[in-house]
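Quick notes on the structure that follows.
Just so it is clear, none of the values below were taken in a lab; they were calculated from the coordinates. Keep in mind the model is a prediction, meaning the values are calculated, not measured.
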Amino acid sequence: MGPRASTPDAPPGYRWSMANLDVVLITKADCHLCTDARAAVGRVTAALGLDWTEQSVDDDAALRERFAEEIPVVLVDGVQRDFWKIDEARLDRTLRQALGRRS
């Protein structure tokens, strides 16, 4: 799956939420951990009212080179915050802290 934009006229990979946090899940095809990560990121961001996007290393050579051994990966504002098995409690804390810095 390629990058999704949550705003209609935004370029792929761009998203905007009220908090302006950039939450990106890096995945690849045929990845059972990615399926679990999608669900985890979806639950945590939904509970906080945030949007998130997904980018696949299958569609981007630079992402594949950078993250090939760590898929899935969660980035928050461009910083790697988790990989392989996404810890929902840690992601929730990370996002809440980032939101607190924006308030």
Need one word for segment 23-102: rounded, prolate or oblate. Basis is the Cα gyration tensor (sqrt eigenvalues a ≥ b ≥ c); a/c below 1.5 gives rounded, then a/b vs b/c decides. prolate
Quick note, segment 33-72: a/c under 1.5 would make it rounded; otherwise a/b > b/c is prolate and the rest oblate (a ≥ b ≥ c, C-alpha gyration tensor); here it is prolate
